[in-house]
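Q: Submitted below is the structure of interest, expressed as structure tokens.
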Amino acid sequence: MELAEDLKKIASTDRELNGMEAQENGATLNAADASKMKKIVSFHGQQPDQEASIATVTTTKGETPKSITSERKRRRSSTQGLVIIEQCIEGFSSSRDFAPESSTHLRMLEELDPPLSGRERRRDALLNAMANSKFILYANCLVLFLVVAVGALWFFFLMGWQTLCRPRTDCEPRNTVYNISIHIMTVLFTYMSTIVMPWRWAHTLHTLGLSCPRRSNATGHDLYGLPTDDPWFHVPRNKRCVILFFLQLNCFFQYANQICRDLFYTYDQGEEWPGNFWVNIFFVLSLAWAVIGALLFWKHTSIVRQSDKKRFGLGPIELMQEMWEKFKSGNRLGTTSRGEEEEEIQNQEETQQKDDSRENGQNLSYDRES
């Protein structure tokens, strides 16, 4: 009965509003009728279109389809930047691997055989904390800033671009500041190796089939052995093993570099044999394996993304390239060209005409039934 009353009220309202449309030549949304319409649509199990719901029935005097279109465009463009930022963050975040969001995935987790173990729950808690903690996020941003700032200071003093003393490349306090900058960068690199260690070990054990309990490590299956759309798990298993091996070498040599820097901590010890060999060889090896592992990771995940862009989406680099292309073409976030505006207005008018014809047909059928 309530549904019939709502339909009757909406039909009578539509008749009045259709007359107003001819006078005002425009339409916007009446909030009360829109809420009723959404209830009716949801009652029948249909999903209302968020984009089309803005321009269905009618509203205040003086508004035109162009003003409605500009409002829709403003709302859409205001969220476009946030969507791209979220996609970029997803590209760098590994939380998708161990924090399922869909109800289907949660149901599959409940049906796991064997069920989730205490070790897996502790692993997930640690990885979630590392990926989603605001403290870790701020700490990582601070570390990246310090790496750039201290790295620039180290480079300037290495090249002798300072006016503290003479000769520019071997004097005090230049040598002391130079040595301190090296120790600070070594600690920062060690922190970066430590913060990614849980993710690397979790995926290493899973890829090698050494996780407990053992889950399927076939291509396309996540840490739980369930199908996933994460591009990383669609990289062939042998190539994942190679990438993880290089990344583990990066951590190992960085810890060795940290130990050697602690043993040969003064400027003179780091510049004389055997200190200069040990501190430099481990630093070079650590950096080399990190670069090789990162390049291979990017290469193979990009191949997976290119194979099915709709399924795997764009990676961080592709998103930045897309933003750069928009910047060069003049279509910055939140702006559109004149051609796009005209096309949008035309599409809106066609949609409005279809909605009017469909509503008139519904009204006629309702009158016959009455």
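The values are calculated or read from the model by the stated rules, or taken from the named source; none is laboratory data. Quantities reported herein were computed from a predicted structural model and do not represent experimental measurements. Positions of Cβ are backbone-derived with ideal geometry, glycine not excepted, and every protein chain shown enters the neighbour counts. The accessibility values were calculated without ligands, DNA or RNA, using every heavy atom of the protein model including side chains. Shrake-Rupley method; radii C 1.70, N 1.55, O 1.52, S 1.80 Å.
Q: Would you work out if segment 185-341 is rounded, prolate or oblate? Take a ≥ b ≥ c from the square roots of the eigenvalues of the alpha-carbon gyration tensor; rounded if a/c is under 1.5, else prolate when a/b is larger than b/c, oblate otherwise.
A: oblate
Q: Shifting gears a bit: Taking R0 as 51 Å, what FRET efficiency do you get between residue 171 and residue 355 from their Cβ-Cβ distance, rounded to the nearest 0.05?
A: Plugging the Cβ-Cβ distance into 1/(1 + (r/R0)^6) gives 0.05.
Q: Right, here's the next one. Would you mind calculating the gained length between residue 273 and residue 259 on full extension (0.36 nm times residue separation, minus the Cα-Cα distance), in nm to one decimal?
A: Full-extension gain reported as 3.4 nm.
Q: Could you order peptides 249-258, 290-299 by the average number of other Cβ atoms within 10 Å of their residues, highest first?
A: 249-258, 290-299
Q: Once you have all Cα-Cα distances for segment 257-296, histogram them in 10 Å bins from zero and send the whole-percent values.
A: That works out to 33, 41, 20, 6, in percent per bin.
Q: Between residue 138 and residue 322, what length comes free when the chain is fully extended (0.36 nm per residue of separation minus the Cα-Cα distance, one decimal in nm)?
A: That pair, residue 138 and residue 322, stretches by 63.5 nm at full extension.
Q: Solvent-accessible area per residue for segment 250-310 at a 1.4 Å probe radius, Å²?
A: 62 Å²
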